[in-house]
Amino acid sequence: MAVEDLRASSTPFSLSFSGSGFLALYQVGVVQSLLELAPELLKSACKVYGSSAGSLIAAAVVCGVGLDDLKEFFFALATEVRKTILGPLSPKCSLLANLKTVLQRMLPEDSYLLASGRLHISLTRVVDGQNVMASEFSSKEELIQALLCSCFLPIYCGFIPPSYRGVRYVDGGFTGLQPVSSLEEPVITVSPFTGELDICPRDCPAIFFCFQIFNGSIQISIENLCRISYALFPPSTMVLNDIFSQGYQDTALFLYRNNAFGFNYFDGNFRFGSTCGKNDSGKSNGTHPGLYKRVPQCLTPYFLPGLWKKEQVNGLQDPLAKVLLQPYRLPALFRKGVKKVWGLLEGVRSLVQRLHKLLQTLVPGLPKTAVDRSCLEDTATKA
């Protein structure tokens, strides 16, 4: 296909922010980098997906929330959590209450109008463990409830899950760590964990084994294990600052590698920081027209060969997710058990009635009902 045809095409693309916990600061750095280096890319994304803490970043992108306020919130929350020995598991720490207060303050009043149709929040339904994408919101409060449901990690955030439109949901990362609704649409995936993703940290190139967990791609490495611990139990402010900077630089590296539609975002003298791009030191061929602060309105898989095609599986597939959600599914299992027992009793009752009719046919003098039998007994007593 000719370059002119590709430029004239109108293939839509989307952004997907994975579950990240306190590593959401990495994704804040990603968005900051896109705003400064390729602002039209954020504007051109037809859909923005988010799961767990990634849904907060997706909502910030769609609703135009200031990144400085969001960054300050995560730093303040991490500082508060680190004050107690148990961290976020301490009874004094109320993550969801703090999050709700901040969302009510930061989100604009018309946020639900901006989010409807463009923001897609990954949720896990408690009753059957199925993945649900919330994309239509009738009020700001409903949008906040959807975000709280997507961020609710059982035991970690509490024991009673919040509800959205009268149905209880838990962390969307259980069934969609890297949410995508269609397998055909090109998606730029963002994650603070190394894996087969577009924008993510780059670890040792000798480790190629990635596995699917919670419908997301994660590479097996010591660095990723450390990141998982940081996602649940926040590190120091200095480490969080490094994580934010790494997100910024990894995004710059992504733009430099893909060089969409022949535009170069950096000149030949640009050098990445020491924490980014250790294994992607590819040299550019030809001249560089300089730093462009614009990108095409649409990107195609031809120019972004790394776009991740997710094998979408609905429902709980991971044993850990099944174990964590089992207590919340007990009421539903109890109702199913009662229905099965009731159906069994109904079957026994129907069988007894058929047997009784058969005996009436074989024995002509047999009473039809229990009332008839009692009447016969009274008649015999009087006689």
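The values are calculated or read from the model by the stated rules, or taken from the named source; none is laboratory data. Values in this document were obtained by computation on a predicted structure and should not be read as measured data. Every residue, glycine as well, gets a Cβ built from its backbone with ideal geometry; the counts of neighbours run over all protein chains shown. Side chains included, ligands, DNA and RNA excluded: accessible areas come from the protein's heavy atoms. Shrake-Rupley method; radii C 1.70, N 1.55, O 1.52, S 1.80 Å.
Any residue at all in segment 77-85 that is loosely packed, with under 14 Cβ neighbours inside 10 Å, among the aliphatic types (A, V, I, L, M), without any contact (Cβ under 8 Å) to a residue 24 or more places away in the chain and closer than 21 Å to V31 by Cα? Looking through segment 77-85, none of the residues is loosely packed, with under 14 Cβ neighbours inside 10 Å, among the aliphatic types (A, V, I, L, M), without any contact (Cβ under 8 Å) to a residue 24 or more places away in the chain and closer than 21 Å to V31 by Cα.
Residues of segment 110-126 that are within 15 Å of S139 (Cβ to Cβ), free of Cβ contacts under 8 Å to residues at least 60 places away in the same chain and surrounded by 22 or more Cβ atoms within 10 Å (Cβ to Cβ): S111, A115.
How about segment 168-197: which of its residues are charged (D, E, K, R), in contact with a helix residue (DSSP H, G or I) (Cβ under 8 Å, 6 or more places away or on another chain) and surrounded by fewer than 24 Cβ atoms within 10 Å (Cβ to Cβ)? Listed by number, the list holds a single entry, R168.
Open to solvent by less than 10 Å² (accessible area, probe 1.4 Å) and either of a type in the set (V, I, T) or at pLDDT below 95 (or both), is that true of L42? It is false that L42 is open to solvent by less than 10 Å² (accessible area, probe 1.4 Å) and either of a type in the set (V, I, T) or at pLDDT below 95 (or both).
Does F261 count as at pLDDT below 85 and surrounded by fewer than 19 Cβ atoms within 10 Å (Cβ to Cβ)? So that I can check it myself, show each step before the final result.
On the way: at pLDDT below 85: yes; surrounded by fewer than 19 Cβ atoms within 10 Å (Cβ to Cβ): yes.
Yes; evaluated as a whole, the condition is true for this residue.
Can we say S150 is under 20 Å from L15 (Cβ atoms), in a loop (DSSP other than H, G, I, E, B) and either in contact with a Lys or Arg (Cβ under 6 Å, 6 or more places away or on another chain) or among the hydroxyl-bearing types (S, T, Y) (or both)? Before the answer, list the steps.
On the way: under 20 Å from L15 (Cβ atoms): yes; in a loop (DSSP other than H, G, I, E, B): no; either in contact with a Lys or Arg (Cβ under 6 Å, 6 or more places away or on another chain) or among the hydroxyl-bearing types (S, T, Y) (or both): yes.
Answer is no for this residue.
Report whether or not A76 is among the hydrophobic types (A, V, I, L, M, F, W, C), at pLDDT 90 or above and over 23 Å from L41 (Cα atoms).
The answer is yes for A76.
In segment 127-167, of all residues being of a type in the set (S, T, N, Q), touching a Gly at 6+ places or on another chain (Cβ under 9 Å) and buried (at least 20 other Cβ atoms within 10 Å of the Cβ), the one that is farthest from S18 (Cα to Cα) corresponds to N131.
In segment 1-112, which helices (runs of 4 or more DSSP H) lie fully inside it and hold 3 or more residues that are touching a Gly at 6+ places or on another chain (Cβ under 7 Å)?
So the answer is 24-37, 53-63.
Among the listed residues D128, D203, D198, D171, which satisfies the condition of being within 24 Å of V102 (Cβ to Cβ) and among the charged types (D, E, K, R)? Break it down into steps so the answer makes sense when it comes.
Numbers: D128 fails: within 24 Å of V102 (Cβ to Cβ); D203 fails: within 24 Å of V102 (Cβ to Cβ); D198 fails: within 24 Å of V102 (Cβ to Cβ).
Result of the check over D128, D203, D198, D171: D171.
Set side by side, the residues I228, I220, I213 differ, and just one is at pLDDT below 85, within 29 Å of T175 (Cα to Cα) and surrounded by fewer than 16 Cβ atoms within 10 Å (Cβ to Cβ), which is I220.
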